[in-house]
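K.L.:
Structure below; questions to follow.
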Amino acid sequence: MRQLRGTPASSGVGRGALVLLAPETPAAGGRIEAGRADAEIERLAACVSSAADSLDALALDVAAAGHADEAGIFSAQAAMARDPALAAAAETRIRAGHDAIGAIEAAGAELADQLRGLGDELLSARAADVEDVVDRIAGLLAGRSGRRPTLDRPAVVVAADLSPSLAASLPRDRLLGFALEAGSPTSHAAILARAYGIPAVVGVPGLLAAVEAGKGRNPEGSPTIAIDGDSGEVVIDPDEATARRFAGRMAEAARASERALAEADLPVVTVDGTAVSLLANIGTPGESERAIALGARGVGLFRTEYLFLERSAPPSEDEQTEAYRSVVEAFRPHPVTIRLLDVGGDKPIPYLPIAREANPFLGVRAVRLAPERPELFVTQLRATMRAAAVKGGPAGSVRVMAPMIADASDVDVLESLAARARSSLEREGIAHGEVALGVMLEIPSAVLVGDSYFGRLAFASLGTNDLLQYTLAVDRGNRELARYQDWLHPALLRLIAAAVQASARAGIDLSVCGEMAGDPVASLALVGLGIRQLSMATSSLAPVRRAIRACRLDVLERTAVGALDLPSAAAVRERFARLLGSA
């Protein structure tokens, strides 16, 4: 038995036969004779067309399985295959004497290296899309059929990495999960795993070596594997006790899922009758159905970045309107909070030329881009206002939230952009509705000077991930600083308490949309501090509902007041966990 640890990528437990997917031997490039360039360019064009058509077909298959948003991965890859810039880069190399295989591989490698060089995890993951597209084209040039892979039995797939198209092509009726030595939770293979409910663990150091070592110890036996997509645990050839432990986890997960659905309609109230609203954080319209099934009463954070990434130009106003409207219609009459585009130096996109910054998390991003690119935000605001014209929803049920607000001057910018959007729609006679304007509180200064501008807004929402990062000067992605990365740090609680008081004075709604809201123990602290709207990942709705229903508000309030003077996050967490344990 060999136990390893990776990064959780898709929830669930998988156990069964281990199938190792070895990477295909790369198609070998070479040189061409003088005078063959035109013929080679024509051969490349034919294979590019065929590759793009097959990606379009894969997109249709994924959409037909009920995953329209994930189908966009392959539509985007098809567009990437047809990108004239990629073809032109390859053609230049062909005319310099390379064959089509070598030319397209070199052009793709250059583009992938550029994406990885930007230093952003999301765009580094997108480099895998470039490589996937290029491998498909090169394979066709080399005469490969491109047939889909098969599994002859139910199995957990192990690989160095999985391309998006390979992940989507694996037979889902036999795929029990996958474990990858490389990859990240933002990779498209991980996104697809989550969409299909397939357990997955990525970034497992030493995975392939452990598999090979297992073969050496038992050359005649069939290897087995167990993976936990929630903890990141991977066990190769588990012993009997470990196999029983994983079987127990699988049964427990099935019971928890059934219980969560059964409890979805229970009111979220404390024992002494105080109601709390639980909302969902979503990243695509396709997540709405699951959130509603699990009891979300609205959307507290609709991240819109998915619309703007993986393309050569920003989405049209009509495309954005349709995306926002679909979520508004799904959740009506409950509120939907749409976050304005949050990209910049830390999340660069090709059509936004932003200079590299030494510290992009503190740089030109989100609403700070507005002075340079106001049309991006005006178009997005117009789309939200058009989506707000949906019949059957109360006025103000569509909310627009600006991230990275530092002080009142940023609210001036937000109001100016909204006024431009509204007046242009009125001038053009386009139907639209009212949207409620609010801000995301993720910079300490925005909380500390909240009294100077809260009265101009309809709501504010605490983005506790960045608020903690900026309060403690801690990179939340740095594992070496994990001891600081607890939302129950007294400094953060004091900022939250200040925001609660300032919002009450201004008479505006205050919610929490950071991951703190989805932590059952931390949610009790938030309720004790006076927060009555919590927005979280759909998987957190059930445990947070149970935690709140098990406690009394007066006890939570007394505990929260005392927590402000405790010396550490660990001490605060212990105190609230004790309440939950005794409930």
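K.L.:
Say we look at segment 540-583 and pick out the residues that are among the hydroxyl-bearing types (S, T, Y) and surrounded by fewer than 17 Cβ atoms within 10 Å (Cβ to Cβ); which of these is farthest from A256 (Cα to Cα)?
P.N.:
S568
K.L.:
Does F454 count as in contact with a Gly (Cβ under 7 Å, 6 or more places away or on another chain), assigned by TED's automatic domain parsing to the domain that holds A504 and in contact (Cβ under 8 Å) with a residue 40 or more places away in the chain? Explain how you work it out, then say what you get.
P.N.:
On the way: in contact with a Gly (Cβ under 7 Å, 6 or more places away or on another chain): no; assigned by TED's automatic domain parsing to the domain that holds A504: yes; in contact (Cβ under 8 Å) with a residue 40 or more places away in the chain: yes.
Considered against the rule, which asks whether it is in contact with a Gly (Cβ under 7 Å, 6 or more places away or on another chain), assigned by TED's automatic domain parsing to the domain that holds A504 and in contact (Cβ under 8 Å) with a residue 40 or more places away in the chain, F454 comes out as no.
K.L.:
Which residue is nearest to the chain's Cα centre (by Cα), if the candidates are limited to segment 421-443 and must be assigned to a loop (DSSP other than H, G, I, E, B) and charged (D, E, K, R)? Give the steps one after another, and end with the answer.
P.N.:
We begin by selecting, within segment 421-443, every residue assigned to a loop (DSSP other than H, G, I, E, B); these are 429-435, 442-443.
Now restrict to residues that are charged (D, E, K, R): 434, 442.
On the way: E434: 28, E442: 18 Å.
Step by step, filter segment 421-443, then rank; the result is E442.
K.L.:
Mind listing whichever residues of segment 103-156 are basic (K, R), at pLDDT below 80, touching a helix residue (DSSP H, G or I) at 6+ places or on another chain (Cβ under 8 Å) and more than 22 Å from Y351 (Cβ to Cβ)?
P.N.:
The one that is basic (K, R), at pLDDT below 80, touching a helix residue (DSSP H, G or I) at 6+ places or on another chain (Cβ under 8 Å) and more than 22 Å from Y351 (Cβ to Cβ): R148.
K.L.:
Here is a follow-up. Please work out if A570 is more than 26 Å from V299 (Cβ to Cβ) and either of a type in the set (K, R) or assigned to a helix (DSSP H, G or I) (or both).
P.N.:
On the way: more than 26 Å from V299 (Cβ to Cβ): yes; either of a type in the set (K, R) or assigned to a helix (DSSP H, G or I) (or both): yes.
Yes.
K.L.:
Another question, if that's okay. Can you tell me which condition V474 does not meet? The list is (1) under 28 Å from A436 (Cβ atoms); (2) among the β-branched types (V, I, T); (3) without any contact (Cβ under 8 Å) to a residue 40 or more places away in the chain, and all the others hold.
P.N.:
The number of the failed condition is (1).
The values are calculated or read from the model by the stated rules, or taken from the named source; none is laboratory data. Just so it is clear, the model here is predicted, and its values are computed rather than measured. Counting neighbours? That spans all protein chains shown, and the Cβs are built from the backbone with ideal geometry, glycine included.
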